[in-house]
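First comes the structure, then the notes that go with it.
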Amino acid sequence: MLKPFLSAPTNLRTAMIAMKTKTHPLPQPFLLTGWHVLAMFGGFFAVMLAVNILFVVLALKTFSGETDHAYINGLKFNETLAAKARQAELGWKMTLGLERPTGGGAVLEARLTDKSGAPLIGAAMAGSIGRPTDAKEDRALKFIETAPGVYRAVIDQLAPGRWRFAASAQIAGAPKFETETTLSLR
């Protein structure tokens, strides 16, 4: 007696499933094939290659190059110390002044004096100015002696910000005088 009772719902359940399948077909499950895996690997490496190319391009655009040879300077360190000692014995001093006329330019004035404060006349002076972090805006300065011990350089365009200034002065028979400083312009 129990057998027909149990078999009827099973047949009814099978019939209901068959009806549902006919009216609403079940979606086919996703089948991962070798082509899908190949496309995923290819996409991964394409994205990785694109990012690497982007980083290389950005690095090359922002790299200003090595301007100073640290290894050679390290080998000449004792010579550098001796030159600084000779420069300190001379007692030469440089005082900087900066005029900012309208138009974005600047006039840099350097006053050279000896130990006693007397102006240093007839020095061959050279200099450079540039950003501390980027060599793209570096430029050489041409100094002209306008008065005894007063040397001026005209700079066409000088934007606000931090600038690194380096200068050297040479008088016949004396050691070379060198100085560096950072300027902040508004």
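The values are calculated or read from the model by the stated rules, or taken from the named source; none is laboratory data. The structure presented is a predicted model; accordingly, all values stated were derived computationally and were not measured. Cβ atoms come from the backbone with ideal geometry, glycine included; neighbour counts cover every protein chain shown. The area values use the complete protein model at the heavy-atom level, side chains included, leaving out ligands, DNA and RNA. Shrake-Rupley method; radii C 1.70, N 1.55, O 1.52, S 1.80 Å.
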#### Entry: Failed condition for residue 161, given (1) open to solvent by 70 Å² or more (accessible area, probe 1.4 Å); (2) under 30 Å from residue 59 (Cβ atoms)
(1)
### Task
Please work out if residue 58 is part of a helix (DSSP H, G or I), closer than 29 Å to residue 134 by Cα, within 43 Å of the chain's Cα centre (by Cα) and modelled with pLDDT of 95 or more.
no
### Query
What's the number of the condition residue 73 fails, among (1) of a type outside the set (A, V, I, L, M, F, W, C); (2) modelled with pLDDT under 85; (3) more than 17 Å from residue 168 (Cβ to Cβ)?
(3)
### Message
So residue 46 ticks every box in (1) at pLDDT 90 or above; (2) under 13 Å from residue 177 (Cα atoms) but one. Which box is left unticked?
### Response
(2)
### Query
residue 104 is checked against (1) open to solvent by 100 Å² or more (accessible area, probe 1.4 Å); (2) within 25 Å of residue 131 (Cα to Cα) and fails just one. What number does that condition carry?
(1)
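Could we say that residue 152 is open to solvent by 30 Å² or more (accessible area, probe 1.4 Å), closer than 19 Å to residue 186 by Cα, modelled with pLDDT of 85 or more and in contact with a strand residue (DSSP E or B) (Cβ under 9 Å, 6 or more places away or on another chain) here?
no
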### Message
Pull out all pairs, ordered by first then second residue, where Cβ-Cβ is under 8 Å, the residues are six or more apart or on different chains, the first lies in the stretch 80-99 and is at negative phi, and the second is surrounded by fewer than 11 Cβ atoms within 10 Å (Cβ to Cβ).
### Response
90/115; 92/115
### Query
From the list 133, 95, which residue is under 16 Å from residue 181 (Cα atoms), modelled with pLDDT of 85 or more, exposed (fewer than 14 other Cβ atoms within 10 Å of the Cβ) and among the polar types (S, T, N, Q)?
95
### Message
open to solvent by less than 20 Å² (accessible area, probe 1.4 Å), more than 27 Å from the chain's Cα centre (by Cα) and modelled with pLDDT of 85 or more: which single residue out of 147, 169 fits that description?
### Response
169
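Matching residues to (1) closer than 30 Å to residue 59 by Cβ; (2) under 31 Å from the mean Cα position of the chain (by Cα); (3) in contact (Cβ under 8 Å) with a residue 40 or more places away in the chain:
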residue: 77; (1), (2), (3): no, yes, no
residue: 101; (1), (2), (3): no, yes, no
residue: 115; (1), (2), (3): no, no, no
residue: 120; (1), (2), (3): no, no, yes
residue: 132; (1), (2), (3): yes, yes, yes
